[in-house]
Amino acid sequence: MIRKQKKYTLIKKTWGGFVLDFVIRLFFFLYIFSIFWMFWQLVVTSISPELENNSVQIRFWPNEVTLGAYAEIWTRSGLNVAFFNNVYITVVGTAAHVFICTLAGYALSKPRFPLKQFFLNLIIFSMLVPSQMIMVPTFILYRNLSLINNLNALVVSGMVSGFSIIVMRNYFLGIPASLWESAKIDGATEMKIFFKIYIPVSIPGFATIIMLQMVGKWNTFFEAVLFINSPEKQPLQTKLNMIINSITTMAQSGQSSYVNLFGQNVKSAAIIIAMIPLLVAYPFMQKYLVKGILVGAVKG
Amino acid sequence: MGKVAEPVLHCFAKKGSAVCIFWSNQSGVMLLKSAKNWMLKEIRKNTAIYLMLLPAIFYLLIFCYYPIVDGIEMSFRDVVINSSEKNYIGWENYQTIFQDKYFWSALRNTFIFAFWNCFLGVALSGLCAVMLNEIRRPFTRRFIQTSIYLPNLLSWVVVGSSFMFMLSPTVGPVNQILQMCGQESFYFFGDIPSSRFLLIFINQWKITGYGVIIYMAAIIGISSEQYEAAIIDGVNRFQQIVYITIPNISNTIKVMLMLNIMGMFQLFDPIYILSNRITQNNTDVIMTYVYRTSLAKIDLGPGAAASVFISIIALIFTLVAKKMTKFGFEE
């Protein structure tokens, strides 16, 4: 017994183990440092006055704190409009998504009805469709439905996903059938069972798809690039991209007045405004996001 | 696909054969009628279920399956916007893109990005997870896992513009450090040879945390008895990783490979945001090519052709990978 323990401790303290520990810790330190350094540099730059940013000195702490950049980007670049556009597509898009996918997931969790397998395959196969294949025809389709330059295009795109349906279906399958039977014996209709019994007991399943969908909708970019052209209809991500790009091109063409208008501090402020809602919500939704990712990995 | 399509055909065949049996019978018509009644009754019984399915199926048919058919059809005709007239021009759209040298460079880049993103996406996050498992304190481990998932949560625009700021030749902190070390400042996003590498690096920096979560769930499931037995046998930590941890997560590696291959050709956001005119030839992929050449110019025929072409390649890869990893959608 003593010998075994000695062996154990000997293995623990080899040079190889020490080097391994050191390398691992160094790697993760660098990785995490790169993430937090980036955030911190953005914060420092955004709360410093513009002139300071052009000095060569690298700063880890602002010499002078001002919130002028935030006021400027919020009012003068139209970011406020874009922000509320984004809130609209996130709230409405997620609500519609969750409603439709939950209904479908519940229906598919029923033991048997004619054509069930056909519908299930239709939904599973839709997850395999490559998005680039339908890029051009989708553009035409949205155009025919007059959804171009319409915020509702971003609500409609991605309103149903096979993934969410399957997640909800699996959640409903986990609820014991005796619950359904007892409600049926008491004379409840299918709709009533769904709304009064199944929804209240499956809140964690909801939370998972709500969180995933909200993050996805908040970060909508590709669809906005495709469907939205007019400046006042832009969601946050495309607006941010426009702000960043307008600055660089104007700086290159040498128009110094514009460089002052959208300086590096204003740009950083815009980036921070775009990510702050997710950073604030992250601690609360982390648990559900992890669950959603794992379900996605198992189900493909 | 065979696996997906099979039950449908089977279902139809079963019904068809049932009908045939009914017809060959003497009083066939009557029996068929009763079968019909049975179907109607069954449907009426499940009306609520069909109503619940209706919106989702309706949506998928219109916004997912109709565009596939439409896209294939569109690639064979001269698409004129605002006109319902259809003149088919055969393979001309395909000839147009095959003669375009930017299409070939985009195709080459797509393959290079797909390979590296796929390979590193599986290997790097697996390596990170294995390394994370060597950190024993639960709090530290949790903190690392949570932190490296953070970039995944942010949009590509935020990550891309943050990198543009950090690596900027004039105000970027990285270049300021380089200058303090006496080096010249370096325009990272304007450097042609390293542009592809930089995009792959940023992509991995963003997505690694996602894979780590999936791998960690598998690693935590490994029973500690295996490690204890190994320690008693005098196995060192490298050997533990090679002979215990990695064989135990081989299924997860397959799943990750499958997930990565399915999304392999769909890279759009990072390329669109981070490439510029200088590096375009080296970083352009099919999706940005289609966007730039057809949607932005409203010349949709060649774009549709390019989409169909790359989609067929993507589908072949997915099916081959599925066969190889034996990873099917259960049920």
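All but one of (1) open to solvent by 40 Å² or more (accessible area, probe 1.4 Å); (2) over 20 Å from B:Thr279 (Cα atoms) hold for B:Ile148; which doesn't?
(1)
Could you grab me the full set of residues in the stretch B:52-78 that are more than 8 Å from chain A (Cβ to nearest Cβ) and over 25 Å from the mean Cα position of the chain (by Cα)?
Hits for the stretch B:52-78 are B:Leu54, B:Phe76, B:Arg77, B:Asp78.
Looking only at the stretch B:107-129, which residues are open to solvent by less than 10 Å² (accessible area, probe 1.4 Å), polar (S, T, N, Q) and farther than 16 Å from A:Ile24 by Cβ?
B:Asn109, B:Thr110 - these are the residues of the stretch B:107-129 that are open to solvent by less than 10 Å² (accessible area, probe 1.4 Å), polar (S, T, N, Q) and farther than 16 Å from A:Ile24 by Cβ.
Please determine whether any residue of the stretch A:90-104 is in contact with a Leu (Cβ under 9 Å, 6 or more places away or on another chain) and at the interface with another protein chain (Cβ under 10 Å from one of its Cβ atoms).
Checked the stretch A:90-104: at least one residue is in contact with a Leu (Cβ under 9 Å, 6 or more places away or on another chain) and at the interface with another protein chain (Cβ under 10 Å from one of its Cβ atoms).
Kindly evaluate A:Gly216 against the criterion of being within 14 Å of another protein chain (Cβ to nearest Cβ) and at pLDDT 85 or above.
Criteria met by A:Gly216.
Six or more apart or on different chains, Cβ under 8 Å: which pairs go from a residue in the stretch B:105-116 that's touching a residue at least 24 places away in the same chain (Cβ under 8 Å) to one that's buried (at least 17 other Cβ atoms within 10 Å of the Cβ) and among the basic types (Lys, Arg)? Could you list them?
B:Asn109/B:Arg196; B:Ile112/B:Arg196; B:Phe113/B:Arg196
Among B:Lys41, B:Lys14, which is open to solvent by 40 Å² or more (accessible area, probe 1.4 Å), modelled with pLDDT under 80 and part of a helix (DSSP H, G or I)? Reasoning before the result, please.
Working: B:Lys41 fails: modelled with pLDDT under 80.
Of the residues listed, the single one that is open to solvent by 40 Å² or more (accessible area, probe 1.4 Å), modelled with pLDDT under 80 and part of a helix (DSSP H, G or I) is B:Lys14.
If you scan the stretch A:79-117, which residues turn out to be closer than 30 Å to B:Ile43 by Cα, part of a helix (DSSP H, G or I) and not aliphatic (A, V, I, L, M)?
Across the stretch A:79-117, the qualifying residues are A:His97, A:Phe99, A:Cys101, A:Thr102, A:Gly105, A:Tyr106, A:Lys116, A:Gln117.
Can you report the number of residues in the stretch A:151-196 which are closer than 20 Å to A:Val295 by Cα, in a helix (DSSP H, G or I) and either open to solvent by less than 10 Å² (accessible area, probe 1.4 Å) or touching a Leu at 6+ places or on another chain (Cβ under 7 Å) (or both)?
6
Applying the selection to the stretch A:132-154, what residues are at the interface with chain B (Cβ under 8 Å from one of its Cβ atoms), touching a helix residue (DSSP H, G or I) at 6+ places or on another chain (Cβ under 8 Å) and not hydrophobic (A, V, I, L, M, F, W, C)?
Those that are at the interface with chain B (Cβ under 8 Å from one of its Cβ atoms), touching a helix residue (DSSP H, G or I) at 6+ places or on another chain (Cβ under 8 Å) and not hydrophobic (A, V, I, L, M, F, W, C): A:Gln132, A:Pro137, A:Thr138.
Restricting to the stretch B:130-181, count the residues that are over 19 Å from A:Phe27 (Cα atoms) and in contact with a helix residue (DSSP H, G or I) (Cβ under 8 Å, 6 or more places away or on another chain).
20
Considering each residue of the stretch A:105-129, count those that are facing chain B (nearest Cβ under 8 Å) and hydroxyl-bearing (Ser, Thr, Tyr), and give that number.
2
Go over the candidates B:Ile271, B:Ile310, B:Ile316, B:Ile246 one by one and state the one that is in contact (Cβ under 8 Å) with a residue 40 or more places away in the chain, open to solvent by 20 Å² or more (accessible area, probe 1.4 Å) and either in a helix (DSSP H, G or I) or more than 7 Å from chain A (Cβ to nearest Cβ) (or both).
B:Ile246
Does B:Phe63 meet the test of being at pLDDT below 75, aromatic (Phe, Trp, Tyr) and over 30 Å from A:Thr189 (Cα atoms)? Before you say what the answer is, go through the steps one by one.
Working: at pLDDT below 75: no; aromatic (Phe, Trp, Tyr): yes; over 30 Å from A:Thr189 (Cα atoms): yes.
The answer is no for B:Phe63.
Here is a list: A:Ala104, A:Ala82. Which entry is of a type outside the set (D, E, K, R) and within 22 Å of the chain's Cα centre (by Cα)?
Details: A:Ala104 fails: within 22 Å of the chain's Cα centre (by Cα).
Exactly one of A:Ala104, A:Ala82 is of a type outside the set (D, E, K, R) and within 22 Å of the chain's Cα centre (by Cα), namely A:Ala82.
Can you tell me which residues in the stretch B:135-159 are facing chain A (nearest Cβ under 7 Å), more than 23 Å from the chain's Cα centre (by Cα), in a helix (DSSP H, G or I) and not polar (S, T, N, Q)?
Passing the criteria: only B:Ile144.
The values are calculated or read from the model by the stated rules, or taken from the named source; none is laboratory data. Just so it is clear, the structure is predicted and the values come from calculations on it, not from any experiment. Ideal geometry is used to build each Cβ from the backbone, glycine not excepted, and the neighbour counts take in all protein chains shown. Accessible surface areas use protein heavy atoms only, side chains included; no ligands, DNA or RNA. Shrake-Rupley method; radii C 1.70, N 1.55, O 1.52, S 1.80 Å.
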